[in-house]
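Reading through the structure tokens given below for one structure.
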Amino acid sequence: MNTKSKKHKKSNKIGSVLFCWILFIFGLGLILPASQVLAQEKKTYSVITSTDYSPFEFTDENGELIGIDIEILEAIAEDQGFEIEYKIMPFSSGLQALESKQADGMIDGMGITDERKQSFDFSDPYFEAGSMFAVDAKSDIQKLEDLKGKQVATKIGSQGADIAERLKDQYGYKVTKFEDSVNMYQDVISGNSHAVIEDYPVMAYAVNTGTIDLRLIGEEIEKMPFGFAVSKGENKELLEMFNAGLKSIKDSGKYDEILDRYIGAEADETVDNSFFGQLKGNLPALMSGLYKTILITFASLFFAFVLGILLGMMRNSENSVLSSIALVYIDLMRGLPLLVLAFFIYFGIPQMTGIKFATPIAGILTLGLNAAAYIAEIVRGGIQAIPVGQMEAGRSLGLSKKTTMRKIILPQALKVMVPSFINQFVITLKDTSILSIIGLVELTQTGRIIIARTYQSGSIWLIVGLIYVILITILTKISNRLERELMV
């Protein structure tokens, strides 16, 4: 009887444990999906913007992205419960990126026009502004009629550029086009252009804060609504959330608070604009840009070396098919401008195939594919520089062709190749500056972002140039040292 009672108690205990485990697993099954739902509740959307369009989007002295557009979007995101991942690139490149679906949306002081509606869907207007002409503060130009025979700077793809094109015959001026507002303004300040046309709030903010020494002329022209844009037929949910959030922040008064912070208020100029002041204030940002430049360069060259050595061996192959394939690739890459290749990889391939590349990957592919062609020729030239008798000597000793190449030819050829390899490293390092056009924030793009805030192009470009010179000088010294060591 006692034995049965013990067994019964034991079985009850086992049953209770099993029951608890079943409840635990069942509860876990309910909790995990619930936690996943909570984790996934805040969806992240990639949004294109720029950093050269104050007061709508620019960076502060700490490198933080701020402005009317940025604060409105982030207030809407908070209200609607989604996250934002920014993609920084020039306005014209941003339009291409959005059209090729490299991002979910774009906010960049973008005017809503019938032409743009053919490619993009727009939100409800969140702002309205017209364009206005400005000249150097010391210029004797007083009205638009005085622009006859002069140069007017415009930004590609902007409302101001369209207006300038339509009015150029009426007022008799010539139009010069730029990728961004910074270079457009600097062209006027340097005296190359005589006037500039830009959205009135942007120009007024720059003039009122003393950032640029310009004077507004004429009247505000053709007020146009600004909207948040998505690719045609895409991201309807994001557009609906933007509209709902915009209404919400307007009703709450937050929208007006944002505008008050940027429009009509005088900003204090406390920044040291001297050379050493700019160096001290912006060195951390520049070093971050330099780090990305070096990282992209090394990654690109690693890819280029693997592919280039393979192509170089193919070019030296006795197999005519392999040699021809390598030759076609080398001729294609050497004849294709790097900028065109970058655009094709980042914008063209997604449009044609739907395959998208992150900006760093697109940059590495661009530089790597280009550099591989030159490395292939370096390898081919290095191998052919070794006398034919070296191969014959190895074969006469009973070594296979493959072993002779690996043990005798390549070690000697490497000594010949090293200076050229270092030279290619330097070229690739400088070529990273082209990648700013697809939004990669490397050293050159970092310089442009700083200039967009300070308009101190002279001192910033001098600092950026010195950083490149110092880095390349160090690489040259390393190259010379390696060459001497290998020749011993």
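The values are calculated or read from the model by the stated rules, or taken from the named source; none is laboratory data. All figures in this text were calculated on a predicted structure; none of them were measured in a lab. Here Cβ is always computed from backbone atoms with ideal geometry, including for glycine, and neighbour counts include all displayed protein chains. These area figures cover heavy atoms from the full protein model, side chains too; ligands, DNA and RNA do not enter into them. Shrake-Rupley method; radii C 1.70, N 1.55, O 1.52, S 1.80 Å.
In the set (1) over 30 Å from M241 (Cβ atoms); (2) open to solvent by less than 10 Å² (accessible area, probe 1.4 Å), L216 fails one condition alone, (2). When K356 is tested against (1) open to solvent by 10 Å² or more (accessible area, probe 1.4 Å); (2) in a helix (DSSP H, G or I); (3) touching a Lys or Arg at 6+ places or on another chain (Cβ under 9 Å); (4) not acidic (D, E), just one condition goes unmet, and that condition is (2). Among residues of segment 342-356 that are closer than 22 Å to T428 by Cβ, those with a Cβ under 6 angstrom from a residue that is open to solvent by 50 Å² or more (accessible area, probe 1.4 Å), sequence gap 6+ or separate chain, pair up as F347/Q96; I349/I355. Of the residues S131, S181, S119, S158, the single one that is closer than 28 Å to S436 by Cα, open to solvent by 20 Å² or more (accessible area, probe 1.4 Å) and not β-branched (V, I, T) is S119.
Among the residues making up segment 158-184, those that are assigned to a loop (DSSP other than H, G, I, E, B) and either touching an Asp or Glu at 6+ places or on another chain (Cβ under 6 Å) or within 16 Å of E222 (Cα to Cα) (or both) are S158, D180.
Scan segment 101-118 residue by residue and report those that are over 22 Å from the mean Cα position of the chain (by Cα) and in a loop (DSSP other than H, G, I, E, B). Passing the criteria: I112, T113, D114, E115.
Counting only residues that are open to solvent by less than 10 Å² (accessible area, probe 1.4 Å), of a type in the set (A, V, I, L, M) and more than 22 Å from M313 (Cβ to Cβ), segment 359-372 holds 1 of them. Of the set (1) buried (at least 22 other Cβ atoms within 10 Å of the Cβ); (2) more than 23 Å from M89 (Cα to Cα); (3) within 33 Å of the chain's Cα centre (by Cα), all apply to D136 but (1).
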